[in-house]
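S.K.: Take this structure, written in structure tokens, and hold onto it; I'll ask about it next.
The values are calculated or read from the model by the stated rules, or taken from the named source; none is laboratory data. Not measured: the values here are computed from a predicted model. Positions of Cβ are generated from backbone atoms using ideal geometry, with glycine treated the same way; all protein chains shown enter the neighbour counts.
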Amino acid sequence: MSVEDTSGTTDTSRPAAKHGHSPALSPARLVAGVCLAVPFVVLLWVPSYNRITPALGGMPFFYWYQLAWILITVVLTVVAYLLVSRDARPTQSPTAGTNPTEARP
């Protein structure tokens with residue numbers, strides 16, 4: 001993507017920021033992506049939990065491990081949501097929200 005300056009030339013050295021959004025990949029978004037990917041990778045790796053022992057309350061490991069990952073996935077999803085929503089918030093100056101036409105006392 002290119003940015004056109006006032007002289008009519010095109011500057012391709014830096015991407016244009018659209019509507020004040022943060023860059024596409026920030027550290028917070030990277031961590032959020034990892035939080036969302038971990039449950040898929042862990043649960044698709046079936047040989048790691050394809051066994052009966054240790055049982056928990058009479059329930060074989062194979063079942064309670066997957067049920068435990070439901071709760072872990074909820075926590076990781078909430079963390080990812082909070083990271084992305086915090087990262088998406090526009091940065092505001094201390095005077096943001098004040099009307100510049102108002103007379104100051």
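S.K.: Quick one: what pairs do we get from the stretch 81-98, first residue closer than 15 Å to residue 29 by Cα and among the charged types (D, E, K, R), second at pLDDT 80 or above and not in a helix (DSSP H, G or I), C-beta under 7 Å, 6+ apart or different chains?
M.R.: Here the result reads 87/26, each pair linking the stretch 81-98 to a residue that is at pLDDT 80 or above and not in a helix (DSSP H, G or I).
S.K.: Kindly establish whether residue 51 is at pLDDT below 90 and not in a helix (DSSP H, G or I).
M.R.: No.
S.K.: Oh, and also: Check residue 69 against each of (1) surrounded by 12 or more Cβ atoms within 10 Å (Cβ to Cβ); (2) under 14 Å from the mean Cα position of the chain (by Cα); (3) at pLDDT 95 or above and name the one condition it does not meet.
M.R.: Here residue 69 clears every test but (2).
S.K.: Residue pairs, Cβ under 7 Å, 6 or more apart or interchain, first in the stretch 33-54 and exposed (fewer than 14 other Cβ atoms within 10 Å of the Cβ), second in a helix (DSSP H, G or I) and not charged (D, E, K, R). List them.
M.R.: The qualifying pairs are 50/62; 51/61; 51/62; 52/61; 52/62; 53/61; 54/61.
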